[in-house]
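Presented below is the structure to which this report refers.
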Amino acid sequence: MSGCQHSEPKQSDALLNDHHETDIFSAGGGKQLADRFDTHFLGSIPLDPDVVRSGDSEKPYLQAFPRTTTAACFDRIVEQLKSQIEGMRQAADAEPDTSCGVSACGL
């Protein structure tokens, strides 16, 4: 398994030019920090030299490299964010508007 698909998320996988993964930092720090602050861990993204190259050439990474492990990690995080935003919207819609002191302002 590679990149963001590890059972234990790795914050520090490096994808070298041959796309070989190497841990250059300790693993799991982002997840531990999220747990410590009681917040949702969105995932990890491998350190990929193509992210730098795409930025230097002013080309969005996901357009330039849409089928890479790193792109899949970005996509997974985006989907989690979209899901969380939708959940917050649904929760907000379910709550009655009491800003004027009565439910739905008397309507």
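Throughout, read-outs are computed from the coordinates displayed, never taken from laboratory work. Since the structure is predicted, the reported quantities are computational estimates derived from the model, not experimental observations. A quick note on method: Cβ atoms are made from the backbone with ideal geometry, for glycine too, and the neighbour counts reach across all protein chains shown.
Structure data summary
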quantity: Spin-label model distance (nm) - residue 41 vs residue 83, 7 Å beyond Cα toward Cβ; calculated: 1.5
quantity: For residue 64, net neighbour charge (Lys/Arg +1, Asp/Glu -1) across residues whose Cβ lies under 13 Å away; calculated: -1
quantity: Contour excess over end-to-end distance, with Cα ends at residue 92 and residue 59 and 0.36 nm allotted per residue; calculated: 8.2 nm
